[in-house]
Amino acid sequence: MTTTWDDLVTTALLGTDRRPASPGALLDEAALRTVQRRAALLPATPRPLPEAAPEDVRPPLPEAARRRLALLLAERAAGPGGSGRRGGGPDLTELLPQWLAAANDHGYRAPEALLPGLLDAARARSDLRPGALALGGPRALWLARLNPQWRYALRDAPASSAAPAATDTADRADGAAHRIQLWQEGLFAERVALLTSLRRHDPAAARELLATTWTQERAEDRLMFLDTLRDELSLTDEPFLERALTDRGRTVRAAAAELLSALPASALAGRMAERARACVALDRTGGRHTVVVEAPHECDAAMRRDGVVAKPPAGRGERSWWLGQLVEAAPLGIWCERLGVAGAAEAVALPVADGWRPDLHAAWCRAAVRQGDAEWSRALLGPAASPPAPMGASWLDPAKLLSALPPGERAGWVAEFIAAHGLSEAFRLLGVCAVPWAEPLGRAVVDALDTAREAGGYPWSFSGVMGMAERCLDPEQADLLEALTVFPSGREDGEPHGAAGYWAEAYQRLIGTLRLRAAMREELADGN
């Protein structure tokens, strides 16, 4: 029997009496080949079936919560051309991250039928990935290995999904062998996922695994792998990071120096402290204590080895650039003794001679954030009602400093700031506060919005804050907000008009979203 299209054409032209084929068989074969040609497919050897998906023993979502997830994913997939936000309706796409966090808090697993949509959503929005992959669990990773578009999941998967704990000695041995094989032969995304997961539950093993191939890795890969050491960073990592200070890649050296400077007891931090002390001192003459600064006059080889970048950015002087790098890498604990003060607040309050205050305080700010020092962050922020410098000052970043404070104190500071200065400068500050907002912060935001309404403003001037309030206000405040939708009427039909009408719609949408969030929370709680 003929097997190719050309053979079929030749047989048809010559006639079946000249070729060993019956007319019926010839037509059947032609029909089959016609379909294949139209489909642009050729016969292929079947591939082996993938291994079975792993079990996920977590409880399933309650039915109402499952329907809610399907609706949220469908709304996201619709995109700008879908239903979107209409009038006073909630923006469902912005509620998905919060829904995922709540579902994971309850310990549910994602429905198998919704895993592809969940992976697509997380592919489009990186902020969804931690929650989506946690909910998807091992089956989401199983699917990700079968679809190149979902490879990101192998890199970003949480430790609980990417590396289940071994249960006995044999399992641990098999797991170690598989780990080594994956590290040596896996795709880059798989290797990053392995290292990240291992770092979270066995930091030393992750570091040792990285060391086995460190010198053979590309510079950009070394930089990415080095970043995984931020999790569980400790002095046991110091020898490895010290060796990385001599790496052939400049960005790798800088990353290693930054990690070491986050360890106040490291040798690099000690070297930076010695250099910083030589640049900053206290002048006690004239009856007034003043901080004096003598910035470095050169960036020597030892400084460059410890991560100091010699060339400043455009518009920045060399000496101030070098000074900032030394001070930000030095342990903050050295300054009280060096300046003869009892605490960070006294150090920050000291006058600084010759205009060096912005450079010195900017470096202290970066050090406080890098070292997670709440005392210094608090001192540099100053009272919320009277910030120590204009909020636009290039050397002061309140949002970063706030991240070093406990969540309750952070919310309280932002609430006081809003009460004193309004919402115009508060958007970034709100973004670092824990959700749902604590009652004082939520009340401060609502009061500021109401003040703007009474002043005759329009709600779209505060659209960012309004959108954030929909996601971050405590849903229990919905009933309290009802009073804000009642406006003095300027029309006979009793409906508000002008700016009042827009505010009424904005508040109604806010209340509707808060009630929807409360309903979502109840749906997830029904399974417990």
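If we scan the stretch 317-328, do we find a residue that is under 30 Å from Arg248 (Cβ atoms), among the polar types (S, T, N, Q) and under 34 Å from the mean Cα position of the chain (by Cα)?
So in the stretch 317-328, the residues under 30 Å from Arg248 (Cβ atoms) come out as 317-328.
Now restrict to residues that are among the polar types (S, T, N, Q): 320, 325.
Pick out the ones that are also under 34 Å from the mean Cα position of the chain (by Cα) and you get 320, 325.
Yes, that holds for at least one residue.
Say we look at the stretch 269-284 and pick out the residues that are under 14 Å from Ala347 (Cα atoms) and of a type in the set (A, V, I, L, M, F, W, C); which of these is surrounded by the most Cβ atoms within 10 Å (Cβ to Cβ)?
That would be Val280.
Of the numbered conditions (1) modelled with pLDDT under 90; (2) within 30 Å of His106 (Cβ to Cβ); (3) not in a helix (DSSP H, G or I), Arg509 satisfies every one except a single condition; which is it?
(3)
Kindly provide the set of residues from the stretch 218-249 that are closer than 22 Å to Leu198 by Cα, crowded, with 18+ Cβ neighbours inside 10 Å and more than 25 Å from the chain's Cα centre (by Cα), ordered by number.
Hits for the stretch 218-249 are Glu238, Ala244.
In this structure, is Gly343 open to solvent by less than 40 Å² (accessible area, probe 1.4 Å), in contact with an Asp or Glu (Cβ under 9 Å, 6 or more places away or on another chain) and closer than 19 Å to Ala276 by Cα?
Against the criterion (open to solvent by less than 40 Å² (accessible area, probe 1.4 Å), in contact with an Asp or Glu (Cβ under 9 Å, 6 or more places away or on another chain) and closer than 19 Å to Ala276 by Cα), Gly343 qualifies.
Can you confirm whether the stretch 410-419 contains a residue that is modelled with pLDDT under 90, of a type in the set (A, V, I, L, M, F, W, C) and over 25 Å from Leu282 (Cα atoms)? Explain how you work it out, then say what you get.
Keep residues of the stretch 410-419 that are modelled with pLDDT under 90, which gives none.
The answer is no; no qualifying residue exists.
Answer yes or no: is there a residue in the stretch 165-182 that is farther than 18 Å from Glu55 by Cα, open to solvent by less than 70 Å² (accessible area, probe 1.4 Å) and at pLDDT 90 or above.
no
Picking from Leu95, Leu71, which residue would you name as being outside any loop (DSSP other than H, G, I, E, B), at pLDDT 75 or above and open to solvent by less than 30 Å² (accessible area, probe 1.4 Å)?
On the way: Leu71 fails: open to solvent by less than 30 Å² (accessible area, probe 1.4 Å).
When all the criteria are applied, what remains is Leu95.
Considering only the stretch 306-325, I want to know if a residue exists there that is part of a helix (DSSP H, G or I), open to solvent by 40 Å² or more (accessible area, probe 1.4 Å) and in contact with a helix residue (DSSP H, G or I) (Cβ under 8 Å, 6 or more places away or on another chain). Before the answer, list the steps.
Pass one, the stretch 306-325, residues part of a helix (DSSP H, G or I): 318-325.
Filter once more, so that each one left must be open to solvent by 40 Å² or more (accessible area, probe 1.4 Å): 318-319, 321.
Filter again for in contact with a helix residue (DSSP H, G or I) (Cβ under 8 Å, 6 or more places away or on another chain), leaving none.
No, every residue in the stretch 306-325 fails to be part of a helix (DSSP H, G or I), open to solvent by 40 Å² or more (accessible area, probe 1.4 Å) and in contact with a helix residue (DSSP H, G or I) (Cβ under 8 Å, 6 or more places away or on another chain).
Hey, can you tell me all the residues within the stretch 514-527 that are in a helix (DSSP H, G or I), more than 18 Å from Asp450 (Cα to Cα) and touching a helix residue (DSSP H, G or I) at 6+ places or on another chain (Cβ under 8 Å)? Before you say what the answer is, go through the steps one by one.
Step one: of the stretch 514-527, the residues in a helix (DSSP H, G or I) are 514-525.
Next, only the ones that are more than 18 Å from Asp450 (Cα to Cα) stay: 515-525.
Scanning the stretch 514-527 gives Arg515, Leu516, Arg517, Ala518, Met520, Arg521, Glu523, Leu524, Ala525.
For the stretch 420-433, enumerate the residues that are in contact with a Leu (Cβ under 9 Å, 6 or more places away or on another chain) and at pLDDT 90 or above. Steps first, answer last, please.
Step one: list which residues in the stretch 420-433 are in contact with a Leu (Cβ under 9 Å, 6 or more places away or on another chain), which gives 423, 429-430, 432-433.
Hits for the stretch 420-433 are Leu429, Leu430, Val432, Cys433.
With more than 30 Å from Pro351 (Cβ to Cβ), of a type outside the set (Phe, Trp, Tyr) and assigned to a loop (DSSP other than H, G, I, E, B) as the only criterion, which of Asp247, Asp237 stands out?
On the way: Asp237 fails: assigned to a loop (DSSP other than H, G, I, E, B).
Going through Asp247, Asp237 in turn, just one is more than 30 Å from Pro351 (Cβ to Cβ), of a type outside the set (Phe, Trp, Tyr) and assigned to a loop (DSSP other than H, G, I, E, B): Asp247.
For the stretch 250-268: of the residues being more than 10 Å from Ala329 (Cα to Cα) and part of a loop (DSSP other than H, G, I, E, B), which is most open to solvent (accessible area, probe 1.4 Å)?
Taking the stretch 250-268 and keeping what is more than 10 Å from Ala329 (Cα to Cα), we get 250-256, 265-267.
The next check asks that each one be part of a loop (DSSP other than H, G, I, E, B); those that pass are 265-266.
Details: Ala265: 76, Ser266: 4 Å².
Of everything passing the filter in the stretch 250-268, Ala265 is most open to solvent (accessible area, probe 1.4 Å).
When you scan the stretch 274-305, how many residues do you find that are among the acidic types (Asp, Glu) and part of a helix (DSSP H, G or I)? Reasoning before the result, please.
The first filter runs over the stretch 274-305 and keeps only residues among the acidic types (Asp, Glu), leaving 274, 283, 294, 298, 300.
With the extra rule that they be part of a helix (DSSP H, G or I), the set shrinks to 274.
Total satisfying the criteria: 1.
Looking at the stretch 433-454, which of the residues that are part of a loop (DSSP other than H, G, I, E, B) and open to solvent by 40 Å² or more (accessible area, probe 1.4 Å) is nearest to Gln508 (Cα to Cα)? Explain how you work it out, then say what you get.
Just the residues of the stretch 433-454 that are part of a loop (DSSP other than H, G, I, E, B), to begin with: 433-438.
Among the residues that remain, those that are also open to solvent by 40 Å² or more (accessible area, probe 1.4 Å) are: 434-436, 438.
Details: Ala434: 24, Val435: 21, Pro436: 19, Ala438: 22 Å.
My answer is Pro436.
State which residue is modelled with the highest pLDDT when the search covers only the stretch 16-51 and only residues that are hydrophobic (A, V, I, L, M, F, W, C) and not in a helix (DSSP H, G or I). Steps first, answer last, please.
Start the filter on the stretch 16-51 by keeping residues that are hydrophobic (A, V, I, L, M, F, W, C), which leaves 21, 25-27, 30-32, 35, 39-42, 44, 49.
Among the residues that remain, those that are also not in a helix (DSSP H, G or I) are: 21, 40-42, 44, 49.
Details: Ala21: 65, Ala40: 66, Leu41: 61, Leu42: 64, Ala44: 71, Leu49: 85.
Filtering first and then ranking leaves Leu49.
Residue by residue through the stretch 352-386, note down the ones that are open to solvent by 10 Å² or more (accessible area, probe 1.4 Å) and in a loop (DSSP other than H, G, I, E, B).
Selection gives Trp356, Gly372, Asp373, Gly382, Pro383, Ala385, Ser386.
Please work out if Ala103 is at pLDDT 95 or above and either among the hydroxyl-bearing types (Ser, Thr, Tyr) or farther than 30 Å from Gly501 by Cα (or both). Give the derivation first.
On the way: at pLDDT 95 or above: yes; either among the hydroxyl-bearing types (Ser, Thr, Tyr) or farther than 30 Å from Gly501 by Cα (or both): yes.
Judged against the criteria, Ala103 is a match.
Residue by residue through the stretch 480-499, note down the ones that are modelled with pLDDT under 75 and either open to solvent by less than 80 Å² (accessible area, probe 1.4 Å) or touching a Gly at 6+ places or on another chain (Cβ under 8 Å) (or both).
Scanning the stretch 480-499 gives Ala483, Leu484, Thr485, Phe487, Ser489, Gly490, Gly494, Glu495, Pro496, His497, Gly498, Ala499.
The values are calculated or read from the model by the stated rules, or taken from the named source; none is laboratory data. Just so we're clear, the structure is a prediction, and the values are computed from it rather than from any experiment. Quick reminder, even Gly has a Cβ in these numbers, built from the backbone with ideal geometry, and neighbours come from all protein chains shown. Just the protein is used for accessible areas: all its heavy atoms, side chains included, with ligands, DNA and RNA removed. Shrake-Rupley method; radii C 1.70, N 1.55, O 1.52, S 1.80 Å.
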